[in-house]
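A short write-up of the structure that comes next.
What follows is calculated from the coordinates using simple rules that are stated; it is not laboratory data. On a predicted model such as this, the values are computed, not experimentally measured, just so you know. Positions of Cβ are backbone-derived with ideal geometry, glycine not excepted, and every protein chain shown enters the neighbour counts.
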Ligand SMILES: [Cu+2]
């Protein structure tokens with residue numbers, strides 16, 4: 001019967017397609033099977049991209065089955081030309097209705113399972129990352145500082161500016177003194193609204209300005225931990241090549257946000273643009289930075305060049321230290337912008 005043959009051939013074509021994809025195994029990182037997704041530079045990014053690839057393949061398989069059933073019904077089960085009879089009506093077919101209610105739940109459950117597995121891998125944190133960076137967002141730029149850095153010689157450099165952090169924490173506890181000489185506690189749990197003692201400070205910092213894109217220099221092949229905090233409104237830290245973004249809150253702890261995430265490594269050297277991904281005001285769209293991934297050897301040298309003189313370093317700026325290790329001193333993935341708010345008013349008076 002022609003009908004059976006067509007269905008058998010369609011089934012064979014689908015099975016062959018699936019087999020071809022399965023047999024290609026892990027090497028599904030090509031521009032066709034990425035289905036529009038960028039290819040990331042971290043193992044976490046690859047996990048997410050693979051989940052995307054397999055989800056699309058599963059959706060396509062389902063699509064082919066559904067399209068096949070639709071065309072099969074349309075072609076072979078329509079009203080015959082010269083027959084007064086309708087085809088057999090199958091409304092209120094309980095087993096059929098149960099089946100097409102249950103199958104979507106199974107599909108959702110399978111997608112949910114693999115999503116949770118990948119999500120757990122992406123959000124995984126290990127106890128002892130090689131490099132910990134502090135990310136401070138503010139309208140409309142970024143400050144990057146280092147905390148603990150495992151160096152190639154086996155030592156760990158503590159880059160935290162303990163002096164500044166301790167001073168800020170002590171000041172946060174100091175209340176105002178009123179005209180009677182009494183201490184007035186601040187309105188927010190005894191602290192004043194301007195308290196920024198939750199922010200981090202480092203001996204090696206890179207601060208973005210209107211003239212300079214902040215460059216976050218990181219080593220390849222090392223586990224890196226990011227600790228995020230905002231000095232004002234909510235921003236979001238996004239490096240498109242990580243395929244990952246995370247909101248940056250002020251007072252992360254009080255706002256119950258998990259402000260720490262890790263990547264198990266950056267797989268290749270290069271300059272990768274970073275952006276703010278949470279609408280944070282006038283210049284949100286221009287709040288860019290750059291991740292500069294360099295070899296671990298270059299990274300160690302960079303840290304030595306930037307260390308305070310008192311600790312045997314050279315206290316160079318980000319740009320000078322980058323130039324010294326043979327890297328571009330300025331960002332190559334994006335350009336600076338002007339946050340002067342008055343420039344927008346230049347043409348207002350015209351034509352009155
Ligand atoms: Cu922002």
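Computed quantities for the displayed model
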quantity	calculated
Modelled FRET efficiency - R0 30 Å, residue 254 with residue 39, Cβ distances, 0.05 increments	0.20
Degrees separating the helix 2-23 axis from the principal Cα axis of the chain, which is the longest one	20
Ascending count of other beta-carbon atoms within 10 Å, so fewest first, for 57, 65	65, 57
Value of D in µm² per second that Stokes-Einstein yields for the range 270-341, Kirkwood Rh from Cα pairs, at 4 °C (1.567 mPa s)	93
Segment residue 162-residue 124, extension gain: residue separation times 0.36 nm, minus the distance between their alpha carbons	10.9 nm
117, 122, 196 arranged by Cβ crowding within 10 Å, fewest neighbours leading	117, 196, 122
Mean separation of Cα contacts under 8 Å (6+ apart) over length of the chain, as relative contact order %	16
Extension gain, residue 58 back to residue 110 (0.36 nm per residue minus Cα-Cα distance, nm)	17.7 nm
Nearest-0.05 FRET efficiency for residue 196 and residue 73, computed from C-beta distance (R0 45 Å)	0.10
Three-way shape call for the range 170-274 based on the alpha-carbon gyration tensor, with the a/c threshold at 1.5	prolate
Inter-centroid distance (Cα atoms) of the range 256-319 relative to the range 63-134, Å	43
Residues 39, 230, sorted so that the one with the fewest Cβ neighbours within 10 Å comes first	39, 230
Per principal axis, descending, Cα span of the chain in whole Å	100, 56, 54
